[in-house]
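Just so you know, all these numbers are worked out from the coordinates, no wet-lab data involved. Predicted model only: the values in this text are computed from it and were never measured. Here the Cβ positions follow ideal geometry from the backbone for every residue, glycine too, while neighbour counts run over all protein chains shown.
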Amino acid sequence: MSETALFNMDMEDAKARHTKLVKEIRKHDAAYYQEDNPTVSDAEYDSLRQELEKLEAEFPEFVTPDSPTQNVGSEPSKGFQKVTHAVPMLSLSNVFSEEDLEEFCGRVNRFLGYPEDKKLEYVCEPKIDGLSCSLRYEKGQLVLGATRGDGATGEDITHNVLTISDIPQNLKGTHIPEILEVRGEIYIARHDFERLNKSQVANGKPPFANPRNAAAGSVRQLDSSITKERPLRFFGYALGEFSAPLADTQQGIRARLQEFGFEQAEPSTVAKTPGDMMAYYKQVEEARPELSYDIDGIVYKINDIELQERLGFVSRAPRWATAHKFPAEKAITKINAIDIQVGRTGALTPVARLEPVTVGGVVVSNATLHNQDEIERKNIREGDTVEIQRAGDVIPQVVRVLEEKRPKDSQPYDFPEHCPICDSIAIREEGEAVTRCTGGLYCEAQAKERLKHFVSKGAFDIDGLGAKIIEQFYEEGLVKTPVDIFTLQANDKKSLTPIRKKEGWGDVSAKNLFEAIDNKREISLNRFIYALGIRQVGEATAKRLAATYTSFQGLKEAMIKAGDVEDEAYAELLNIEDIGPAVAKDLTGFFAENHNLDLVERLTQEIRVDNHVQDVKQNTPVSAKTVVFTGSLEKMTRAEAKARAESLGAKVAGSVSKKTDYVVAGADAGSKLAKAKDLGVDVLTEEEWLALISS
Ligand code: IVH
């Protein structure tokens, strides 16, 4: 409908159109959010919404609190309770080839201090392509079912899991622990999927794209009578919290879970060498088309639970397991254009805009081209027909160009020498793959990306302030720097065009946004450091900095001093695990800029930085102590010792100084031990250290 048509509409027609639009948008919202199965393209959906917004601007009396225009910025409320997982639900690292797999096994052996070729047992089983779910049993009775969510918190779907016949409501068998959380995958079998889609179509409903989407949509239903109609199944494959161990091997856990009434994915095996693991992988890959459910790879898990515990976790994945993905799915399509995206740190990333094509059940319209070298190496041009691939959740990539299909007038791609956004010179430094915009704060793209980073998950994590809203507020001049986020409400009160009056907003959504911002006025030190978006300072480095300097003031003073490489603050900085001269340069560079210090100063007037480090155990015998390991340890490798110390809140340093609390000296300790004695630092044997951390 054109704009003039809208304005000439009489009230009655307008009301009828409004009712129709609201109904239609709600239907699409439900399909998208509750069924995970969008029924229209983004563009069509946006145009419906725009029409509704214009209509409501013209006829404000039509706006009701439940109009779809009243809840932009967050998904429509789904009515699911949030659940904090007692033990986080992790994801898995990936391997894609035999070499990757060998490297994985080698890394496990190295971490444990075993010879590279020592044979360890791995349980191998299919990786089911469904959605993960955690089931909590108390005294053998199912009390909670939850989705994975972001791993830390999920949604309560108990009412829906109760309808799944594969999920026992009461555990069978004996010796059932008081508390037991079973993790596994909810999925739909292929034959059931075919039948489900036939009945969808027969009932005039759109079919689901694949069994995974159908399962996800079915589980996230508010009305469990709908879920009950869906042919959902469940495999149990891991544990969350438990009050008593089930077995001392993964294979044993499988057997116990089976006794309790959980189906196990088959075929499975226990392999003893990477060669056996590969043989199993190939066997399952061959059998894949005949399996009754979709799988996207193999999962290998160390069989011995004691070794699993020693290996522990790194960021969000276990060191003791990995997923071996089947080869990527491929498709042929055309590159309509090559665009350049400018990231938070100014990196120019070329992106291929593709003729949309379905690859493995997902419509793909962009592929990353990484950098200038990649474009030159593969000789990629606009207008080319290309083969693309996507594996799992990895960003789609261009594999090769079909040069025989290249248009006659095609020209090689000219990588820009200026930033496409701010026109500053773009520079590629010696030995670097990335070209960067030199515009810094002047570059709007960088400024926007930095804001998006600032509000992202690992940083301030502000609900309802996503990338789209940041873009919009930036364009409108409402939020230009992070400080503006926290003064948004105060400024809004004085504004002639307050947010609640904006297109797509209302009283409720504006209030929710301000509340979400207020909820984040207190932040842990590590998140705050990460939020600043200093190049090369990711979540792990931010945590180490927070643990070392313990307050923002402390960090700032130290970084200013460390700007002088002769100062001992510089040596102290390099002494932190994983911080080398390059990261040190980015850190001290950040604190050398007055505009950065000024920004932080203004920020801390709006928020409070809480000097604790998140997710690290507090009040352990070694919290906040600085430890140096030296010499060769007997019971564990250096890597394992460090990982354990850090998870207990200790700081691991590379060299001994006055600030060292303990030096743990193994056999043949040399100069570090001597220095410790010199400085009067406590020296512990490996046994004494182990006794200390378990006390
Ligand atoms: S074990 C601590 N085993 O894959 C490790 N996961 O990409 C727990 N998945 O989040 C996971 N089949 O949802 C495991 N046989 C299997 C699996 C499996 C599918 C899923 C799981 C996980 C995801 C990681």
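As a rough footprinting exposure proxy, the listed residues TRP505, TRP320 were ranked by other beta carbons within 10 Å of their own, and the order from fewest upward is TRP505, TRP320. Could you name the lysines in cross-link range of LYS408, using Cα to Cα under 24 Å and dropping any fewer than eight places away on the same chain? Answer for LYS408, where 24 Å is the Cα cut-off: LYS334, LYS378, listed by chain and number. Here's how it looks for SER93: its modeled amide H is under 5 Å from those of ALA323, which are all 5 or more places away or on a different chain. Amide H contacts of HIS85: THR153, GLY154, each under 5 Å away and 5 or more positions distant or on a separate chain (H built 1.01 Å from N in the peptide plane; Pro and chain starts excluded).
Looking at segment 319-412, which trypsin sites (Lys or Arg not before Pro) are DSSP coil and have at most 14 other C-beta atoms within 10 Å of their C-beta? For trypsin sites (Lys or Arg not before Pro) across segment 319-412 that sit outside H, G, I, E and B with at most 14 neighbouring Cβ atoms in 10 Å, the list reads LYS408. Coupling constants for segment 576-584 follow from the phi torsions by the Karplus curve (6.51 cos²θ - 1.76 cosθ + 1.60, θ = phi - 60°), and in residue order they are 6, 3, 6, 9, x, x, 5, 5, 4 Hz; glycine and proline get x. Other residues whose C-beta falls under 10 angstrom from the C-beta of LEU144 contribute a net charge of -2, scoring Lys and Arg +1 and Asp and Glu -1.
For the chain, a crude dipole built from +1 on the beta carbon of Lys and Arg and -1 on the beta carbon of Asp and Glu, taken about the Cα centre, is about 940 debye to the nearest 20. Reported to the nearest whole Å, the Cα centre-to-centre distance from segment 17-31 to segment 594-664 is 53.
Determine by what factor the alpha-carbon radius of gyration of the chain differs from 2.2 N^0.38 Å, reporting the quotient. Write out the running numbers ahead of the final one.
Working: Rg = 28.2 Å, N = 695, 2.2 N^0.38 = 26.4 Å.
That works out to 1.07 for the chain.
Please report the spacing between the Cα centers of segment 452-505 and segment 286-336 in Å, no decimals. Here the two parts' Cα centres lie 39 Å apart. In the chain, the DSSP-assigned H stretches of four residues or longer account for a calculated mean residue ellipticity at 222 nm of -11000 deg cm²/dmol, using -39500 (n - 2.57) per stretch and the full residue count as denominator. Distant-in-sequence amide contacts of GLY130, defined by a placed amide H-H separation under 5 Å and a gap of 5 or more residues or a different chain, comprise nothing. Ranking SER292, ALA279, ILE305 by Cα position along the charge dipole of segment 263-306, where only Lys, Arg, Asp and Glu carry charges on their C-beta atoms, puts ALA279 farthest toward the positive end.
Electrostatic tally near SER97: other residues with Cβ closer than 12 Å to its Cβ, Lys and Arg +1, Asp and Glu -1, net -4. Peptide packing: for 425-434, 538-547, 461-470, the average count of neighbouring Cβ atoms within 10 Å per residue gives the ranking 538-547, 461-470, 425-434, highest mean first.
At what distance in angstrom do the alpha carbon centres of segment 179-222 and segment 401-444 lie from each other? Each part's Cα centre sits 44 Å from the other's. Backbone geometry of segment 643-658 corresponds, through the Karplus equation with coefficients 6.51, -1.76 and 1.60 at θ = phi - 60°, to 3J(HN,Hα) couplings of 4, 5, 4, 5, 5, 9, x, 7, 9, 9, 10, x, 9, 8, 9, 4 Hz, x marking Gly and Pro.
The phi torsions of segment 139-146, fed into the Karplus equation with coefficients 6.51, -1.76 and 1.60 and a -60° offset, translate into couplings of 6, x, 10, 5, 10, 7, x, 9 Hz, rounded to whole numbers, with Gly and Pro shown as x.
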